[in-house]
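See structure below.
The numbers here are math on the coordinates, done by the rules we state, and not lab data. All values reported here derive from a predicted model rather than from experimental measurement. For neighbour counting, all protein chains shown are included, and Cβ atoms are generated from backbone atoms with ideal geometry for every residue, glycine included.
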Amino acid sequence: MLTVRELESGYGEMQVLWGVNLDVREKSITTVLGPNGAGKSTTLKTIFGILKPWSGTVEYIGENVTNMPPHKKVELGITLVPEGRHLFPNMTVEDNLIMGAYLKRAEDRLEDSLDLVYTLFPRLKEREKQKAGTLSGGEQQMLAIARALMTSPNLILMDEPSQGLAPKLVKEVFETVLKLKEEGLTILLVEQNVFASLEISDYAYVLHEGKIAFGGSVDEVRESEEIKKAYLGV
Amino acid sequence: MAFVEQLIANLLYGAILGAVYGLATMGLSLIFGVLRIVNVGHGAFIMIGAFTAYWMFTLYGISPVLSLPLAMAAGMIIGVAVYLVVVKRLVDAPELATLLAMFAIGIFIEEAAKQIWGANYVGYSWEIGSISLPFTEIPYTKLVAFISSILIAAAVYVWFRKTKLGKAVRAVVEDREGALTCGIDVNKIYALSFSLGIGLTVLSGVLVTLFTPVGINAYMGGEYTLKAFVIAVLGGLASPWGAFYAGFIFGLIENGSYTLLGLIPGVEPFGLTRFVSFVVLMLVLLLKPTGLLGGE
Ligand SMILES: Nc1ncnc2c1ncn2[C@@H]1O[C@H](COP(=O)(O)OP(=O)(O)OP(=O)(O)O)[C@@H](O)[C@H]1O
Ligand SMILES: [Mg+2]
């Protein structure tokens, strides 16, 4: 579904990605693991178009989307749940969700999408009229995922959804991601939480200093002693 | 008693002028809020509005009220042009670059205006009578300016709260990256906000002429740039509503202090009112650096 080839990018003069190759299959969960500063967020931002790719290609269902700006990608059905959530803090939960359905294609499905996210996250329904900035960390993460769902996506890029959450909530977030897959969505997940993310993933990559050091099915990653020691710190 | 009456009259006048000040600052705050660009050329756009009102009235006898939509449209077109030619390239540039660019645009507009319209002070007088209150008399022109300012500010407010595009602008202000993930074309929102900000500024220039009967000149904007900065900071810098309220407060302080300073023997109140305004600004910055109404 998503094919990334020899992707390079960075910030200003500083190159961060040195030829990243990734394949994401339809209706799968693919996880990119890697230590702090490996370039995981940079990879997602470059795929989504917040950062301009320096070279390489990104292909989505056979279409070259390498230099497509983010709003066009959302139109195509790709969205990002960014690291740090990036909610609209002074808007209500409901308005945050409505903003997610900004584009015509999503707006047409507004009611259905709202039903879906409120079923997935009943807690957000209870806090509908509350400002997003006043939610707890876990609720904010749910809202970030819910807002992404409002865009009617096919492919969700998720950047460390479990970051900063208590263990119980981490579990809840991963269960949600699995549910999304069961709903037919495709997910490219970036995580530091190795065990929990491998638990729900179909494929995994290990990113090291801006390059893919290893990639394969979850079982292959689990079995590779080398990988465990070198990159996962297990 | 005479003093109290004069103070009340001046405060009333201050509130009226303050509404126009507030409107004249909304564009500055809007542009800063969305693009994080400080429009140091702000006053030049007010000057364009003032000349629009002057020429429409002098050449065609068109009343300033009818010049308002015209000035708004002209301002929005100029705003889009400035955005596309200059600002677009500078959105991610260091602050100093945008500051210099806006400064240069202001000077360019002023010099162009001087070439086209000359350097003399001009003015016009729109006579529509006045209303008598027990303690003072207020020309209808000033009431028109007051009511127009409030209505226009209210319209902008409703546009922001209720329309889809207005909400998208708010979303970009609150979180640019979040807006991108919702499919909002941030560049389009930048162009729109800049254009709207300049449109409001040029429009406010029309209303300014109702307070300065003979004060229209290519360099008249400097004073308004200065006042708009004080007001914008009072209002919390990034919020057009904060700016509107702060404009009222500024008008009240300016005119109230004028009366009070006049009581001190040997003091020339006109020259000191600006001093008082800046003292207030410094006090606010010391006590509540996010602005009187800021803090969100
Ligand atoms: N906005 C930025 N400007 C400059 N350098 C940046 C920026 N963001 C990230 N970097 C640098 O790019 C490199 C990769 O960062 P990135 O955020 O992609 O890492 P990451 O794998 O997501 O790490 P983490 O697990 O901490 O989120 C780091 O060296 C980081 O310092
Ligand atoms: Mg990261």
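Couple of notes before you dig in:
- Average other protein chain Cβ within 10 Å of Cβ, residues A:99-109: 3
- With a simple spin-label model that places each label point 7 Å from the Cα along the Cα-to-Cβ direction, the separation between A:K125 and A:D23 comes to 4.1 nm.
- Modelled this way, with points 7 Å down the Cα-to-C-beta line, the labels at A:E199 and B:R89 are 5.4 nm from one another.
- Each peptide in A:149-156, B:136-143 gets a packing score, the mean of other Cβ atoms within 10 Å over its residues, and the list from highest to lowest is A:149-156, B:136-143.
- Order of B:T181, A:T30 - criterion: other Cβ atoms within 10 Å of each residue's Cβ, fewest first: A:T30, B:T181
- Global size of the range A:1-122: 16.1, 46 Å for Rg and Dmax (C-alpha atoms, Rg to one decimal, Dmax whole).
- Measuring how big the protein assembly as shown is from its alpha-carbon positions, Rg and Dmax come out at 28.2, 93 Å.
- Intensity falloff of the range B:223-294 expressed as log10 I(q)/I(0), Debye formula with alpha-carbon point scatterers, at q = 0.24, 0.25 Å⁻¹: -1.00, -1.06
- Alpha-carbon centroid distance for the pair the range A:160-209 / the range A:19-64, whole angstrom: 16 Å
- Over 19 Å apart at the Cα level, from the set A:K73/A:K104; A:K131/B:K188; A:K125/A:K168; A:K73/A:K129, are A:K131/B:K188; A:K125/A:K168; A:K73/A:K129.
- Counting only DSSP H runs of at least 4 residues, each contributing -39500 (n - 2.57), and dividing by the residue count of the protein assembly as shown, the helix-based mean residue ellipticity at 222 nm comes to -18500 deg cm²/dmol.
- Applying D = kT/(6 pi eta Rh) to the range B:1-125, where Rh is the Kirkwood radius over alpha-carbon pairs, T corresponds to 37 °C and eta to 0.692 mPa s, the Stokes-Einstein value obtained is 197 µm²/s.
- Using alpha-carbon coordinates, inclination of helix A:110-120 to the longest axis of chain A, degrees: 70 degrees
- Peptide B:167-176 shows a mean partner chain C-beta count of 5 within 10 Å per residue C-beta.
- Whether the range B:164-296 is rounded, prolate or oblate, judged on the alpha carbon gyration tensor where a/c under 1.5 counts as rounded: oblate
- Panel order for A:I29, B:I253, by other beta carbons found within 10 Å of each beta carbon, from fewest to most: B:I253, A:I29.
- Convex hull per residue volume in Å³, alpha carbons only, for the range A:6-70: 89 Å³
- Whole-number D in µm²/s for chain A (Stokes-Einstein; Kirkwood sum over Cα pairs; 4 °C, 1.567 mPa s): 72 µm²/s
- Label positions at A:L178 and B:A2, each projected 7 Å from the Cα along the C-beta direction, are separated by 8.8 nm.
- Residues whose amide H lies under 5 Å from that of A:S28, counting only those 5 or more places away or on a different chain, are A:I187; hydrogens are built 1.01 Å from N in the peptide plane.
- Full-stretch length increase - B:I147, B:L285 - with 0.36 nm per residue and alpha-carbon distance subtracted: 46.6 nm
- Toward the positive end of the charge dipole of chain B, with +1 on the Cβ of Lys and Arg and -1 on the Cβ of Asp and Glu, the farthest Cα among B:G178, B:F248, B:S204 is that of B:G178.
- Placing +1 on the Cβ of every Lys and Arg and -1 on the Cβ of every Asp and Glu, with nothing else charged, gives chain B a dipole about its Cα centre of roughly 640 debye.
- For A:R127, B:R89, order by how many other beta-carbon atoms lie within 10 Å, fewest first: B:R89, A:R127
- Shielding of A:139-150 by partner chains, average beta-carbon count, 10 Å: 1
- Note on chain B: the alpha carbon radius of gyration divided by the globular reference 2.2 N^0.38 Å gives 1.00.
- Electrostatic dipole magnitude of chain A [Cβ: Lys, Arg +1; Asp, Glu -1; Cα centre; debye, to 20]: 480 debye
- Considering only GluC sites (Glu not before Pro) in DSSP loops that have at most 16 other Cβ atoms within 10 Å, the longest stretch of chain A without any of them is A:27-127.
- Those chymotrypsin sites (Phe, Trp or Tyr not before Pro) in the range B:26-126 that DSSP places in a loop and that have at most 14 other beta carbons within 10 Å: B:Y121
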